[in-house]
1. A 31 angstrom limit on the alpha carbon distance is what I want to check against. Which of Lys35/Lys147; Lys100/Lys157; Lys87/Lys167; Lys38/Lys87 exceed it?
2. How do Tyr45, Tyr73 line up, fewest other C-beta atoms within 10 Å first?
3. Would you kindly enumerate the cysteines in the chain that have no other Cys beta-carbon under 4.7 Å from their beta-carbon?
4. Using Cα pairs closer than 8 Å and at least 6 residues apart in sequence, work out the relative contact order for segment 23-167, in percent.
5. If the viscosity is 0.692 mPa s and the temperature 37 °C, what Stokes-Einstein diffusion coefficient in µm²/s follows for segment 23-167 when Rh is the Kirkwood radius over Cα pairs?
6. Report, in deg cm²/dmol and to the nearest 500, the calculated mean residue ellipticity at 222 nm for the chain, where each DSSP H run with n ≥ 4 adds -39500 (n - 2.57) and the sum is divided by the residue count.
7. Return Arg169, Arg85 ranked ascending by Cβ neighbour count within 10 Å, so the fewest neighbours appear first.
8. Distance in nm between label sites at Thr64 and Lys149, each 7 Å beyond Cα in the beta-carbon direction?
Amino acid sequence: MKLITAFFISLFFIFQIQAQDSAETIMNKAMQKAKKEKKNILLKYGASWCTWCKKMDQKIKSPTCKDLFEKNYVIVNLTVFEPSRNKHLENPGASDLLEKQNGKTAGLPFWVILDSKGKVLEDCFNSSNQNLGCPKAPSEIQQFIDKIKRTSKLSQKELEIITAEFKSRH
């Protein structure tokens with residue numbers, strides 16, 4: 001019985017370790033994929049408790065937008081700022097990377113668009129240095145679309161589809 005219990009405890013820890021890859025590992029894989037596929041990287045930071053993070057994920061993964069984003073970006077999600085009971089959900093090193101990208105105090109979701117070498121091409125700050133997060137207001141959505149336009153091969157029609165999705169209330 002002790003052997004079976006030890007086996008299941010070992011499996012639990014193995015899966016816990018595997019479930020939370022480090023930010024460095026995730027980013028290295030993303031940069032390799034972006035280079036191979038000639039794409040940029042859309043890196044989003046979020047947390048399990050963040051309603052706006054979930055809304056942004058829903059918009060990007062919606063039936064109308066999912067293929068457009070995946071065709072143009074390697075999409076990476078890193079988890080940060082979890083409460084102590086959910087610390088195991090965080091990606092080790094993600095907070096340090098977030099700080100290097102000037103997002104430590106910006107709020108969530110925080111996102112940046114990187115090239116395949118990890119250089120920041122765009123970030124989620126507007127002209128007033130405020131985090132656009134998950135854009136909701138028309139001016140925020142337009143700034144988001146402008147950043148997407150500069151870092152992708154999306155057509156005007158495709159950008160309009162993304163704009164409509166972010167303007168929708170669902």
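Quick note: the coordinates plus some simple rules give every number you see, no bench work behind them. Predicted model, so just to flag it, every value in this text is computed and none were measured. Here the Cβ positions follow ideal geometry from the backbone for every residue, glycine too, while neighbour counts run over all protein chains shown.
1. Lys100/Lys157; Lys87/Lys167; Lys38/Lys87
2. Tyr73, Tyr45
3. Flagged as lacking a Cys partner: Cys65, Cys124, Cys134.
4. 29 percent
5. Estimated via Stokes-Einstein, D reaches 214 µm²/s.
6. Calculated mean residue ellipticity at 222 nm is -15000 deg cm²/dmol.
7. Numbers: Arg169 4, Arg85 7.
Ranked by crowding around the Cβ, least crowded first: Arg169, Arg85.
8. About 1.8 nm separates the two model spin labels.
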